[in-house]
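*Asks:* Below is the structure I would like to discuss, written out as structure tokens.
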Amino acid sequence: MQKILVITGNQGKVNEISAITGLTVEAKKLELSEIQSLSVEEVAKKKVMAAYEIVRQPVLVDDTGMNIEALNGLPGALVVWFLDLLGPQGVLDLIANKKNRKASVSTCIAYADANGVQTFIGTVNGTIPTELRGDEGFGYDPIFIPEGQNKTYAEMSVDEKNEISMRKIALMKFKDYTISKNAPESEMSLDDLGKLFEETKQSDKRKAAEVAYVLAKIYLDKKEA
């Protein structure tokens, strides 16, 4: 799979998906009805099923949510509605007097084809700052500091953000799935895996690690079958 149809009108999201997966992303904007749920997985699954019924080809949809402890887990998957209504500053105002600044952000990648729907979730824990910080990114990026960092997503470069984003976690799970799905059905020996690893390592060490991990898992699964 070298090309993927993604349902979105957000160019920032398209660029992020392409940069993380290395796939050519074809974007298509569809008006899909969205269920009212705090669960990003439930929302993404319903949206991708509806999208597949329209486009009738393999398609990807993602949904993102933010859970703020001081708001009892809100806004969840309703974060876009929250931001449209209140803006990032309005969200900060809601918890202005709260000591608990803990939050998490999650992305669910939902993929549909003729075989059904698969979902892949990535979550990053962090905190909410007391003021808007940064001019990059989109959405809640100015009001979320990932755990272990001292900058909001909006203060990071695109490359910095992509390295630690919840969307990357979800997309890498999706990428592993596509690699295993398109792997040859024939048996591979440990020698074959070793050769593939060495060949890949010459050009891209990180990719070599990903390939070796996925193919080794396929090999072990076949041995157990």
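The values are calculated or read from the model by the stated rules, or taken from the named source; none is laboratory data. All of these numbers come straight from a predicted model, not from anything done at the bench. Here the Cβ positions follow ideal geometry from the backbone for every residue, glycine too, while neighbour counts run over all protein chains shown.
*Asks:* Out of all the residues in segment 136-166, which are modelled with pLDDT of 90 or more, charged (D, E, K, R) and part of a loop (DSSP other than H, G, I, E, B)?
*Replies:* Matches in segment 136-166: Glu147, Lys151.
*Asks:* If you don't mind, another one. Using the structure shown, decide if Thr123 is under 21 Å from Val40 (Cβ atoms), at pLDDT 95 or above, in a strand (DSSP E or B) and in contact with a Cys (Cβ under 7 Å, 6 or more places away or on another chain). I'd like the intermediate steps shown before the answer.
*Replies:* Details: under 21 Å from Val40 (Cβ atoms): yes; at pLDDT 95 or above: yes; in a strand (DSSP E or B): yes; in contact with a Cys (Cβ under 7 Å, 6 or more places away or on another chain): no.
So Thr123 fails the test.
Per-residue answers, yes or no, for (1) of a type in the set (Lys, Arg); (2) in contact (Cβ under 8 Å) with a residue 60 or more places away in the chain:
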| site | (1), (2) |
| --- | --- |
| Leu32 | no, no |
| Gln36 | no, no |
| Val40 | no, yes |
| Lys45 | yes, yes |
| Val80 | no, no |
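*Asks:* So which residues in segment 169-187 are charged (D, E, K, R) and modelled with pLDDT of 90 or more?
*Replies:* Hit for segment 169-187 is Lys173, nothing else.
*Asks:* Okay, next question. Could you give me the residue pairs with C-beta distances under 6 Å whose first residue belongs to segment 6-27 and is on the phi < 0 side of the Ramachandran plot, whose second residue is assigned to a strand (DSSP E or B) and of a type in the set (D, E, K, R) wherever it lies, and which are 6+ apart or on separate chains?
*Replies:* Pairs found: Ile7/Lys28; Thr24/Lys3.
Residues checked against (1) under 18 Å from Met166 (Cβ atoms); (2) assigned by TED's automatic domain parsing to the domain that holds Gln118; (3) of a type in the set (S, T, N, Q):
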| site | (1), (2), (3) |
| --- | --- |
| Thr8 | yes, yes, yes |
| Ile17 | yes, yes, no |
| Leu30 | no, yes, no |
| Gln36 | no, yes, yes |
| Lys45 | yes, yes, no |
| Val55 | no, yes, no |
